[in-house]
Structures are given as structure tokens and as C-alpha cells.
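Each reported figure results from applying straightforward, stated rules to the coordinates on display, with no laboratory input. This is a predicted model, so every value here is computed, not measured. Cβ coordinates were reconstructed from backbone atoms using ideal geometry, including for glycine residues, and neighbour counts include every protein chain displayed.
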Amino acid sequence: MREQLRLLKEKAENELKQCQLLDDLNEIRVKYMGKKGELTRILRGMGQLAAEERPVMGQLANEIRDSLESRLGQLTEKIKGKELERRLLAESIDITLPGIRPEMGRQHPLSLVIEEIEEIFMGMGFTIEEGPEIELDHYNFEALNIPKDHPARDMQDSFYLTPEVLLRTHTSPVQARTMEKTHPHVPVKIIVPGKVYRRDDDATHSPMFHQVEGLVIDHQIRFSDLKGILLSFARQMFGADQKIRLRPSFFPFTEPSAEVDISCVICKGAGCRTCGQTGWLEILGAGMVHPRVLEMGGYNPEEVTGLAFGMGVERVAMLKYGIDDLRMLFENDMRFLRQF
Amino acid sequence: MLVSWKWLNELVALQKTPEELAELMTMSGVAVEGITYPEIELKNLKVGLIAEITDHPQADKLVICQLDVGEGEKKVIVTGARNVREGQKVPVALPGAVLTGGKKIESAELRGILSEGMLCSANELGLDVDKIPAEQKDGIYLFPAEVAIGTDVVQVLKLDDLILELELTPNRADCLGMWNVAREVAALTGGEIHLPEINSSEEGGLCADLTKVEIANQELCSRYVARIIKDIKIAPSPLWLQQRLIAAGVRPINNVVDVTNYVMMEMGQPLHAFDYDLLQENRIVVRRAEEGEELVTLDGQLRKLNPEMLVIADAAKPVAIAGVMGGLETEVTEQTKTILLEAAAFNGPSIRRTSHALGLRSEASLRFEKTLEVEQVRLAADRTVQLLTQIGAGVAVEGCIDCYPLQQQQQQREKQAISLRIKRVNQILGTTISAFTMEMILKALQITFLEKNRDGWLLLPPSYRRDLESEIDLIEEIARLYDYERIPTTLPEGVTTQGMRTTEQKLRYQLRKRMVGQGLVEVINYSFINRAQLDFLGIPDGAPLRDTVVIKNPLSEEQGVMRTSLLPGLLDTVKRNINKHNKNLKFFELGKVYFAEGFPEQSKLPVEKWALGVVATGKREKSWAYGAEEYDFFYLKGVVENLLTGLGYTENEYTFAAVRDLPGLHPGRTASIQIKGKEVGVLGEVHPLVLEKYGIDQRITMVNLEVEKLATEKIMKKGLVVPITKFPAVARDLAIIVPEEVKTADVTALIKEQGNEWLKEVRLFDLYRGQQIKENSKSLAFSLTWQAPDKTLTDEEVNVLHQKIEAALQGKIGAGLRR
Ligand SMILES: [Zn+2]
């Protein structure tokens, strides 16, 4: 019987080696271990053995069964794996076919830039103020210390609706409106994005363009704070290594006033065509709010001081995206807009 | 303002290179916009005297000149120039010379005669022919007799000078004169300044016997000084004077005109010379022009005058437009024997208005537009007389007329002292500048210390700095000379503030993001449109869209009125893109529209409203994976539905109602977009006749949403979350056949009305028209989803509900059931 078992084991193992398919394995399982299987039969014949031989043979037979079971198990896993592999291979796709893309919208570069500026200043605690684009001469000029006969008030340069009403030429009237609304409370910390209009239309001027204005009024606002705010803005907008440079200038509504340059975004300060070889790009006008403007806004300039700044959004967008023709921004050509 | 480097160096001692000075000036507020360098290094050019001219034996068009260039032996030079005469002094390029454009000069044989160089024209010397005297433009350049033979032409003509171009801010009109530029430079560099001394005149004298001055309009002319110069000999100016004018960009004309221009360049004070004998009654009246008066100005143009304009008149008629341009009739000419010299102070804004009205801008008007330093008017007149006498142009008549009606008030104003608090300077700037440093700066600016206290000073700025009127002006002066770069960089102290968008701003932010998120492209169009575009859209008279705000002085009719709708701009944008072969487009614009609403009669300002405009046309092209998708009515309807759902409106809150009568839109393909029954916008196909007017031959669908009508509270707080039930949903299909005119929305509404709260969704999944059903009907197939929050629904329960719905559909809209 021992010999019988040995031969059976050998035979079964040989047959297992030949197996390729799960069905073959099943067949073998049935053939040896099924109800009528060869091993089962041998085990059933165990009763005819001598009592002392029974446990020995029983153990041997069980060992053979266990070994066949585990072998069958291993092979099943192996063959299953192979079959899955085969099936997956057959399911291969051409992954180089283009993806099915949901359609992608685009935001206009000017609104992108305005949004970015807004977010930078909101991070510094500024709120966003807005005002009418059709504005009273009073807010556009008078309240900003631009008297009636100032050259900036030329009919030639502004679009007028009536002698007293015009399309605002800058976002600064919102400064005056905000002061009028807020005084005597401080702090005032606002930026004002929006459309402005000037009677100019050539390669570098558009009759409608965008500005962002800033105003801070509080006890003890200093010129040095202006430098800090603008440096922080420049670094967030154009990169952490940005430098700024302030040059004395003149605006009727600020004093001291400054033109603010950032290091050229193209050449990083080395000098190129964009910056006229200076390494600097003029990007902002700024200054301390003129005491007369504070006064007209209802504040006492001895008690509070203020700083203000303003920038052209088109200029920032052109620098940021390397746009060399202002007109592109208002032509709305898909080939252009698609790039944002 | 053009500043000659050589001239500046004569006025102020400088230790700096032009580049260093330019940087220093730019960084302290008087910006140097550019430096013009001499084009090329000219050399071996000498002043030569033409001693003799003989004909060339071989050539009719050439002559042989014997030139004395101060080297003993005469040089033989062959020339073809027509204007050479014996005794003239001319520029000679000797062998080895290099001319403008790099042209090298060597001895060369010209038709058998060896020419030892060349005679030069102004152009060949690199002179700007538009700036030199007219008679020097063509032919060989001619020097005046006083120039020494053999001197270096480069030195004589200052061809190696360089020019700083100043870009002046409006407050620094003082720097429109070289002397004040020198004062600014001296303050910046500490260099010593040398200004010429002026022989001042006495008031009255013989001059007062010869003429009278009357100022009829004191607010427009605060001072008028007249002086008289007799025995005038009109001639070209000396070369040095010509050179300085040329460097300053002013063309030399004759000695009298040149001197007035020169003094203007020195002192910033424009002057004018009249032919004394041509003035009626030899006197001057400063007055407003009378209606209908005319004047032929120096440029030969007849100018119509009006009472808005200030004129200088004689006893009878205007002889000059004050501060702008003189009259031709009284111009100084070769025949002039006596001149009346005017130096005056006019009202700047008035001059500006006049020069704009006439379209006439001159160096004089440019300066008069900024109200000038009144105190120096007489000095400028005296300086002019001094120079005219010095160059022998005439003989000064003793005395002057100085008509200065408001002298006292004027002088008082100019002597207004300013107090400056030392602490205030540092407070404003955020600095710790010492009182000593401040004092140094103020003194460098020639500011006088009237009083000194521990806390501050009482100061008087020099009269030429009219821009310094108050403490803050002086603080700025200290800051700019201290150097902005040295001011520290800080951030504001004080309470922290919260940066954020307002609710309205958040709504607009969301609209923009949601449109972009759905694949639309944002555009920005001009806020003004052509009124004719409203005609294109067929907007009837009296309609709200006709209530436009009109621009009085538009650049063109194209931009004549403020838009009342975003559609015209969007259609223009579509048209432009189609012209560039982009045919599949979907744009949106978020911008303002403007309505007069009673402006200007009944309201101070027009009304501005935010609108969201959308246009879509063409299609999404088919791809390997999906078919083409039209950008049509239903595409945009889906966009709007998503948008409103995204903003927090439920499907029960918004509806679309068919409208037939909107101008510019397709009568059968237009819907009013309503929220809780109130219209918030319109969705529709653009009328084919409108497209025809725009020359667009593809269908366009548009949306207009009135942003302010979208409730802002929606984006702040969406509805509370509905709990998700754990009981399964049951889906049932329901297919019906209805007459074509039955609206799907009505069917859906009826189904919803008949279902109970377990009916969660009604989705139309098929729409069929065709042979299998009756003509003029359609088949609608819905999928209904049922779900209860507290139990699993049984088939029976759902069957009962379905039967109820079917019965209602049959009964109320005559629907046939498809099974
Ligand atoms: Zn650069």
C-alpha cells in the first residue's frame, strides 16, 4: 500500500506539471481527490489494513493529500494570474489617442491681473472699493487738488457728457468718495480696480483702460510704509527677488510723490530693449496723500496721514505676459485669448 | 527742455560726468529722459578763408579755391559749390578728416587738379538742418567774419557738445530756464554757480516819453515791462549765440529775435520785440480781443480772435496774441529802426486755453502756460537789452516802463514764509533725519531761514521756486534731496484689517469663475458703442436700450454713446474672429451697461448696472470619441442652468418662459430667464436680420443676465444639505405622445405636481418625432426616480403613483401612453 501511495503521488505530481489551464487542474483534483478519486479510493481501502498499520498509512495518505492540495492551490493561483495577464493584454488600448477633454474656458488677461492684484492686497488687509465710471468733475478733479485750470483737466484729454460730468480719467475719484463716506474713521485701507477713459487712441494708448488705485489712511502712515507695501506687492506679483526704486515725481493729489520702478522683468536689471537699457520699468505712481486732499475728504491732516498709489493694469499685464501690442488686449482674438 | 552740457558747465562748476549727473537728477525729481551724444568724432576740420577763386580749366562746374587755413601755405581745394565767394570763411576738411557718416577725406585729383581736402556743408558737419538758420541749409556752410582763421571747426560750432533732455513735471516749470536748471544742479552737487550780472534799468526815463503801456485786464496780465532799443541793425547773431540756441532746439533767425529767444532759454521768460514805428501811436494796450477781430500771426496764418483771448494791441488793433505769437505786421524786419521790447507776466491757464483754441503752441506759450515768476520779468527785459547792446544790435534807450498794478499783493504773496516742523518731517517720511541734515538741504536750495527755533524754522523759498508754498512742499524737497532710496522700508503699524470682497464682488467673482469653468472665454470690449448698432439690433425708439448716455466729444461715431447692452460688443467680437477664420466661439463679458434714466436733467449721474453677456456660435467639432456638439440655444440654456444651480438656485426657483417680441432676437427661439417668476435675463437666438446687418452667416445664441437681479444672499449661504436616505431609489420610465405644441416644461410640471414628495427626479431622456407616431406629435420619454426617506418603496406603491400621473397626463393634456 505504501508503494501504491508513492506511485500515486508521483503520477499526480507529473500530471500537475503538465497543467496549463484551470480546467486541467480541476480534472486532476477530481481524478485523485474527488468522491471517486484515486486517493479517496485508497483511503477508503484503509479499513482492510492491519490496525497498527492504519495510523501510519493514514498519516502518509493525509500527507500526500495535503501536499497535492497545496500544490493544486499554488498552481491555481499561478494559472489564474497568467490568464488574467492574457486577458488584460488583449484589452490593451492605444493610450496615445487624445484624451476626451471637458472644454476649457479662459479668463481675459486683464481680469486675471486685476484678480491677482486684488488677492495680493486682500492678503495685506485691503478691501476692494468701487465707484462710478461716469463721474462728477468734482470727484474726478476738484476733490483731488486738481483745480479748474490744471492741464490735466483739458477737454482734449477727457470724454465729457456735460460740463460737470465726464468718464472718469482715473480711479482716484473713488479715493475722494471713500474719504467722504468714511471720515473721520480710520483706518481706511482700500484698493480700487476699474475702467478709466482718456481721449487718446494710438499704438500705446487706448481710450478705455484699467487702473488699480490704493489708499491707506491712518494715524502715523509714513512714506516708509508706502515703500514697504509696494515692495511686498512687487515681490508677490513679479517674483521674490524683485527690487523697487522710487523716484521723486509730481501728482496734484500726493506729496511727496514718486514714480515707482521695478527691476526689469525681462532682463532682471541687466538692461534690455523693454527697459530702455536702464534695468528698471516704471510701473506705479505713488505718494503721501496731499494734506489738502485729506482736508477736502473731511480728515484732519494733523491727526491722520495717508498714502496712495495707482497702476495701469494693461502695463502690468503686458509685462507679465510679454504682450508687446496694447491693442491685443481689446481685440479679443481667440488665438490670443486661448493662451491664458 | 534741452540742456547743453557745455552751457551748463559754464553756469555751474561740475565734477561729474554727464551720465552721473543725469542719474542724480533723475533720482531727485528732475528726470533726464535721455542724453544725445555727438554722432561721430569729427576731426581735422579747420576754419579757412577763401583767398582766391579761379575757374577750373577742365570743368565748367568746378572752381579752384585757394584756402588760408592758418598754416602759412595756402591749400588748393576744388569744389562744385555755387555759393562760395572770395573772402568767405568756410569749414575745410583737410586730408585725414572724418565727416558725418564716417566719410574720410584725402587729397584727390579732380579733373587733373589735386584738391587738398574739401569744403563742407552744414549737413556734412552733422548739423541738424532744421535747426540752423535757413540760409545755411544749402551749399557750403559760411562762418561770420569774426571767427579766427585756422580754429578747429568742432570747437567753433560746439559739435562735440552733448544734450541732456529733461522731462519736467508740471510743478518744475522753473527748470524751463537754464539758470534755474543750474541752480537745481548746484543744489544737488554742491557745485558753485556763476550767473551773468544784469545791468538793471531805472523806471521811467526817456523810454517813458516814447511809449505808454496800459493793462486793461489785470487778472490776465499782472505785469508788463516795455523797453526801447533804437538804431537797430538787423544781422545774423554771433556764432556763440547761434550755437546755444541750436543746442536748445531753437532755430536762429536774426540778432534781435535770437536774443529774445536766448534770454527765454536762460531765464524761462519769453519776450517779444515789436517794430516800434509800426505801432499805432507807438503805444501798447493789453486787453481782451474784441468779437470779430483778426490777426495775421508770424507764421502767416489769419487768426480769428474772440474775447476769451488776451491780446497785445496798439492804439488801434491787436498786434500780438498775448503769450502765444506775435503779429506779422509789426514783426521786426531788415527795415526796423527801433524796437519795443515786451516782457510780461500773463495768466497761465488763459494762455493755455488760447493756444489750444488756436491750435498754436510755441516755446513761449509752453512757458507762459505755467504761471511764471513775476519778479524776474523786468530783469529779463534788462538782460535782453544788455545782450542786444553787447552784440551791437542796437542802442538802448534809457529807462523803462514797468506796469505792475498789483505789485504789492504779488510781492506779499511771494514773501509768504513757511514754517517747518522738524518732527513732522520725520513723521511723514518715517525717517530719523537730523535737523542739521535738513538745514543743509534747505540751504542748498537757497531757502532763507527767517527764524530758527528748537522745533523748527520759519523759511522763505527763493522767488524762482513758485511751487514751494507749504510745509509739505518743503518736506518733499528734503525727501528728494535726502534721497528716496535712503528712506527705510516699513509696513504700517496700527490695527490689523481684514481684506475681503463684498457680497456683490463675490457674486461677480463667482459668475466669472463659473463661466470660465464651463468652457467659455472672457472678453473685454469698449464701454462705448456706435449708436447705429442699436439700429442694427432693431431697438425701437423709446425702448430702455435707447436711453443712452451720449459722449459730447467722442473720438469717433464708432464710440459715440455708452453701451446699454453688451450684445453689440460681443457681436463685433464674433465678427472679428469669424473674419480671422475662428468660427466656433463662445464668449462672455462681465461689464457695466449705462442708462441715462433722467440724466442730465433729473439726475446728477446716469445709472450704471453690471451685466453678464454671453454669445455662442458654431460647434464643438466632432472628435474620434464623440460627435459634434452645436453651440446653440440648448447649449447656452444648459450653461445658464448650471450657472444658476451653481449660485445656489434650485430647479424649482428658475424657469424659462418663451417670449416672442424682443427686438433683435428670433421670435421662436427666445426665452425669458426668470427666478421665482421675476425676469433676470434673456436667452435667445440672434435674429437673422441682425446677423445680416453684421454680415455674419452663422447662427448665434446670446444670453444677457442682469447681475444685480441675481440675489447675492445665494452665494453667501446655500440651502442646507438634504440628508441622504439609506433606502433604495426606484427608477421608472414613462413615455408619452403629446401634440407638438405641448411644452416639455408643462409636462414636467404636471408630473411633478402629481407625484408626491417621493418623486426625486424627472429626467427627459428621449425626444422622438417620426414615422412611428402621429404627425404633429412628439414622443417624450421620462425617467422618474422615486425614493422615500424612511422606507423601501414597494412596486405597488410606485405603481399607484405612476397610474395617477398617467391619468393626469391623459386627462389634462391629452397625452397618449407608449408602452
Ligand atoms: Zn530690461
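Counting only chymotrypsin sites (Phe, Trp or Tyr not before Pro) that DSSP places in a loop and that have at most 12 other Cβ atoms within 10 Å, the longest clean stretch of chain B runs over B:1-623.
Rg and Dmax, both from the Cα atoms of region A:109-337 and both in Å, are 17.4, 55.
Extents of region B:184-312, largest first, come to 53, 35, 35 Å (Cα atoms, principal axes, whole angstrom).
Restricting region A:127-225 to trypsin sites (Lys or Arg not before Pro) that sit in a DSSP loop and have at most 10 other Cβ atoms within 10 Å of their own Cβ leaves A:Lys148. Computed over the alpha carbons of region A:202-255, Rg followed by Dmax gives 14.4, 43 Å.
With the convex hull of its Cα atoms as the shape, region B:368-469 has an orientation-averaged projected area of 9.7 nm². Peptides B:148-154, B:69-75 ranked from most to least packed give B:148-154, B:69-75, packing being the mean of other C-beta atoms within 10 angstrom over each peptide's residues. Over region B:245-310, all Cα pairs binned in 10 Å intervals from 0 give whole-percent P(r) values of 16, 36, 37, 11, 0, listed from short to long.
222 nm [θ] for chain B, helices only, -39500 (n - 2.57) per DSSP H run of 4+, per residue, to 500?
Working: 22 runs with 219 residues, N = 819.
Calculated mean residue ellipticity at 222 nm is -8000 deg cm²/dmol.
Label sites at B:Glu192 and A:Ser92, each approximated as a point 7 angstrom past Cα along Cα to Cβ, lie 9.4 nm apart. Dividing the Cα radius of gyration of region A:2-90 by 2.2 N^0.38 Å, with N the residue count, gives 1.29. The calculated 222 nm mean residue ellipticity attributable to helices in chain A amounts to -12500 deg cm²/dmol, summing -39500 (n - 2.57) over DSSP H runs of n ≥ 4 and dividing by all residues.
In a fully extended conformation the segment linking B:Leu817 and B:Asn9 would gain 280.5 nm over its present Cα-Cα distance, using 0.36 nm per residue.
Between A:Glu282, A:Glu130, A:Glu13, the GNM of chain A built on Cα springs shorter than 10 angstrom shows A:Glu13 fluctuating the most.
With only the Cα atoms considered, region B:43-156 has a convex hull volume of 100 Å³ per residue. Scanning chain B for long hydrophobic helices, with DSSP H runs required to stretch 24 angstrom or more by C-alpha along their axis and to average at least 1.0 on the Kyte-Doolittle scale, returns nothing. Rg/Rh for region B:1-85 (Cα atoms only, Rh after Kirkwood) is 1.28.
Using a cutoff of 8 angstrom between alpha carbon atoms and counting only pairs six or more residues apart, the relative contact order for chain B works out to 8 percent. Sparsely packed loop sites in region B:723-819 (the GluC sites (Glu not before Pro) outside DSSP H, G, I, E and B with at most 14 other Cβ atoms within 10 Å) comprise B:Glu740, B:Glu741, B:Glu757, B:Glu775.
Just so you know, the averaged projected area of the alpha carbon convex hull for region A:63-207 sits at 20.8 nm².
Computed from label points 7 Å out along Cα-Cβ, the spacing between B:Arg454 and A:Glu85 is 9.7 nm.
Consider all pairwise Cα distances in region B:205-413 and report the whole-number % of them above 28 Å. Pairs farther apart than 28 Å: 20 percent.
Which GluC sites (Glu not before Pro) from region B:101-209 combine a DSSP loop assignment with at most 11 other Cβ atoms within 10 Å?
Values: sites: B:Glu106, B:Glu109, B:Glu116, B:Glu124, B:Glu135, B:Glu146, B:Glu165, B:Glu167, B:Glu184, B:Glu192, B:Glu197, B:Glu202, B:Glu203; in loops: B:Glu106, B:Glu116, B:Glu146, B:Glu192, B:Glu197, B:Glu202.
Qualifying residues, ordered by number: B:Glu146, B:Glu192, B:Glu197, B:Glu202.
Axis of helix A:2-18 versus longest Cα principal axis of chain A: the two differ by about 40°, to the nearest ten degrees.
Convex hull volume of the C-alpha atoms in region B:290-374, normalised per residue: 105 Å³. Expressed as an acute angle from 0 to 90° and rounded to the nearest 10, what is the orientation of the C-alpha long axis of helix A:223-238 relative to the principal long axis of chain A? Helix A:223-238 sits at roughly 40 degrees to that axis.
In the calculated pair distance distribution of the protein assembly as shown, what percentage of Cα-Cα distances lie above 54 Å? Before the final figure, lay out each step's value.
Details: 308787 of 671061 pairs.
Summing the P(r) of the protein assembly as shown above 54 Å gives 46 percent of all pairs.
Site pair B:Glu214 and B:Glu52 shows an inter-label distance of 6.7 nm when each label is modelled 7 Å from Cα along Cα→Cβ.
What is the gain in length, in nm to one decimal, between B:Val129 and B:Gln409 on full extension, counting 0.36 nm per residue of separation less the C-alpha to C-alpha distance?
Additional length available on full extension: 96.1 nm.
According to the calculation over all Cα-Cα pairs in region B:503-716, the P(r) per 5 Å bin from zero is 1, 7, 14, 19, 20, 17, 12, 6, 2, 1, 0, 0, 0 %. Computed extension gain for A:Arg29 through A:Met1, at 0.36 nm per residue and net of the alpha carbon distance, reaches 8.0 nm. Here chain B is treated as a sphere whose radius is the Kirkwood value from Cα pairs; by Stokes-Einstein at 37 °C and 0.692 mPa s it diffuses with a coefficient of 93 µm²/s.
Positive-end ranking of A:Met288, B:Ser623, B:Pro789 along the dipole of the protein assembly as shown, with charges on Cβ about the Cα centre, is headed by B:Pro789. Using only the C-alpha atoms, the convex hull of region B:648-701 corresponds to 89 Å³ per residue. Under a Gaussian network description of chain A, with springs only between Cα atoms under 10 Å, the residue in A:Ile217, A:Ile28, A:Ile93 that fluctuates furthest is A:Ile28.
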